[in-house]
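Each value in this text was obtained by applying a stated rule to the coordinates, not by laboratory testing. Keep in mind it's a predicted model, so treat the numbers as computed, not measured. Backbone-built Cβ (ideal geometry, glycine too); neighbour counts: all protein chains shown.
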Amino acid sequence: MTKKTVTRFAPSPTGLLHVGNIRTALFNYLYTIKNNGKFILRIDDTDLERSTNEFAEQIISDLKWLGIKVDKIYKQSERIDTYKKYFSQLVEDGFLYECFETQEELDYKRKRLISRRMPPVYDRASLNLSKDEKNKYLDEGRKPYWRFKLSGKKIVFNDLIRGEVVVDTSTQSDPVVVREDGGFLYNLPSVIDDVEMKITNIIRGEDHVTNSGIQIEMFSSLGKNAPIFGHHPLLVDENGDPFSKRNAASSIKSLKDKNFEPMAINSLNISIGTSIEINSFQSLKEISDILNLNKLGRAPGRFSLDQLTKLNSSQLSILSFKEIKNRLKTENINANEPLWEIVKNNIDFLSEYTKWDKIINKDIKIENFDNEFLKLAADSLPNQPWDEKTWNLWIEKIKASTDRKGKDLFLPLRRAITGLEHGPELKELILLIGYDKIKRRLLGEYSD
Ligand code: GLU
């Protein structure tokens with residue numbers, strides 16, 4: 001029997017999630033739903049100084065908003081006792097060793113190696129300390145910190161995305177697993193959780209490739225096989241720079257506040273740098289059906305807000321009116337179907353619906369510039385009732401009394417009627433705005 005797929009997304013709650021973080025969450029989630037698996041959210045909050053509860057809550061709400069359904073949530077800060085148990089076992093089994101260098105001593109060694117053009121790999125000086133030497137340090141008041149002893153071998157694994165990957169552990173320093181103050185660093189708790197939570201697949205950014213090599217050794221020190229890894233190319237911004245938690249503008253929260261549609265964000269995020277064509281998808285299920293992880297490109301994907309805005313606009317045009325009505329209802333707006341049909345191809349964000357609602361239904365103040373021409377247009381307005389022939393009839397009448405044509409004819413009308421230079425077809429708009437309001441706008445009349 002094959003194992004049930006279990007994946008996880010493991011963000012640190014030290015800032016807002018950005019589009020780059022979400023790419024990792026999406027790949028894991030899409031892989032999970034494709035394989036009918038389970039998706040775990042693991043909050044990596046062992047760094048108590050930088051992690052906050054607010055960021056953790058925001059991560060949970062961002063994922064929900066994007067349509068990513070989490071089966072279970074764990075917080076690493078609540079699992080320290082478990083890590084301590086494994087830690088003691090690993091010490092007993094000889095996989096961890098205590099070290100006594102101060103930070104200054106480590107920095108000094110590092111700089112010396114770099115100045116000699118040698119890789120700055122930790123020299124394992126503490127590994128060979130005698131009991132007496134260790135006691136001397138302890139008597140001096142030094143507190144030990146702990147490292148994991150790497151094998152020095154080449155670790156080879158088959159990556160879901162990159163194929164065969166080799167990590168040479170002899171070029172790596174033995175990773176620190178516990179600091180002087182007893183705090184756990186990332187690698188070991190991550191491996192312990194992946195074991196305990198029975199994670200079968202770990203998909204994450206390619207900046208973690210070396211960690212994966214190191215972690216494979218940790219899995220085997222616990223007598224376990226490592227999960228299957230997949231390392232995806234990272235996203236970069238318009239300037240080619242990686243996204244960062246410090247840059248709030250690319251956060252999911254700020255995209256939500258700017259009224260972007262979650263499926264537009266998901267669609268673009270997954271399409272760039274993959275074989276999937278840029279398209280507005282309606283659901284994550286739809287994307288998961290066509291996503292093929294071993295067809296991902298190797299180059300970083302460039303994520304641009306302009307592209308996202310375009311996709312947002314086409315995303316809106318495929319939403320059903322029922323959905324739109326429900327969405328607008330939550331903002332106390334009673335959506336009207338004929339109006340939606342006319343504006344849906346002319347807006348980038350749903351929030352613009354209210355703008356058009358106002359233009360069509362309210363007595364708005366519009367500044368007029370071309371009064372003589374507009375008076376002529378007002379006088380030429382066809383009598384009511386109006387229908388789909390009215391526009392042509394009106395324009396013919398105007399043309400009979402002026403030689404204006406093209407932009408000179410249409411732009412002043414559009415400006416006077418809507419106050420804007422772009423928008424849906426006037427031919428359809430005038431029917432919704434109606435004779436009275438149009439006449440008053442052409443004549444520059446409005447009530448305050
Ligand atoms: N907290 C780690 C990060 O955000 C998790 C990496 C991982 O194991 O997926 O980079």
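Structure notes:
- Qualifying GluC sites (Glu not before Pro) for the stretch 38-124 [loop in DSSP, other Cβ within 10 Å: at most 15]: Glu49
- For the pair Lys295 and Thr102 in one chain, pulling the backbone fully straight at 0.36 nm per residue adds 64.8 nm over the alpha carbon distance.
- Candidates Gly15, Gly163, Gly230: whichever shows maximal mean-square fluctuation once the chain is modelled as a Gaussian network with Cα springs under 10 Å: Gly163
- Only helices enter this figure: runs of n ≥ 4 DSSP H residues, each worth -39500 (n - 2.57), summed and divided by the residues of the chain, yield -13500 deg cm²/dmol at 222 nm to the nearest 500.
- Sites matching GluC sites (Glu not before Pro) across the stretch 308-405 that sit in DSSP coil, with at most 11 neighbouring C-beta atoms within 10 Å: Glu331, Glu367, Glu388
- Set the Cα radius of gyration of the stretch 318-428 against 2.2 N^0.38 Å, with N its number of residues, and you get 1.22.
- The largest-to-smallest principal axis extents of the Cα set in the stretch 298-370 are 55, 37, 19 Å.
- Segment Asp207-Ile278, extension gain: residue separation times 0.36 nm, minus the distance between their alpha carbons: 23.1 nm
- Mean projected area of the convex hull spanned by the Cα atoms of the chain, taken over all viewing directions: 30.4 nm².
- Nonlocal amide H pairs with Asn201, under 5 Å, H built at 1.01 Å: Val6, Ile228
- Between the listed residues Ile228, Ala248, Ile202, the Cα displaced farthest toward the positive end of the dipole of the stretch 192-262, a dipole computed from Cβ unit charges relative to the Cα centre, is found at Ala248.
- Close amide H partners of Thr402, meaning residues 5 or more places away or on another chain with modelled amide H under 5 Å apart, do not exist here.
- Classification of the stretch 392-436 by its C-alpha gyration tensor yields an oblate form. The axis ratio a/c (a ≥ b ≥ c) is 1.5 or more, and b/c is at least a/b.
- If only the Cβ of Lys and Arg carry +1 and only the Cβ of Asp and Glu carry -1, the dipole of the chain around its Cα centre is close to 680 debye.
- The antiparallel fraction among DSSP beta bridges confined to the chain stands at about 50%.
- Zone of Arg414's modelled label, taken as backbone nitrogen in the stretch 365-390 under 15 Å from a point 7 Å along Cα→Cβ: none
- Sequentially through the stretch 283-295, phi angles give Karplus couplings (6.51, -1.76, 1.60; θ = phi - 60°) of 8, 5, 4, 4, 5, 4, 5, 10, 6, 10, 4, 7, 9 Hz, Gly and Pro residues having no value and appearing as x.
- Nitroxide proxy distance, nm - points 7 Å out along Cα→Cβ at Lys75 and Glu425: 5.7
- Cα-Cα P(r), the stretch 163-319, percent of pairs per 10 Å interval: 9, 30, 30, 22, 8, 1
- Above-threshold pairs, the threshold being 18 Å between Cα atoms, out of Lys131/Lys153; Lys4/Lys75; Lys397/Lys427; Lys245/Lys285; Lys310/Lys358; Lys389/Lys427: Lys131/Lys153; Lys4/Lys75; Lys245/Lys285; Lys310/Lys358
- Distance from the alpha carbon centroid of the stretch 124-167 to that of the stretch 286-364 works out to 52 angstrom.
- Amide H to amide H, with H built 1.01 Å from N, Asp168 comes under 5 Å of Ile155, counting only residues 5 or more places away or on other chains.
- Tensor-based shape of the stretch 1-119 (alpha-carbon gyration tensor, a/c under 1.5 rounded, otherwise prolate or oblate): prolate
- Annotation: the residues Arg441, Arg298, Arg142, sorted from fewest to most other C-beta atoms within 10 Å of their own C-beta, follow the order Arg298, Arg142, Arg441.
- FRET E, pair Glu49, Lys365, Förster distance 51 Å, beta-carbon r, rounded to 0.05: 0.40
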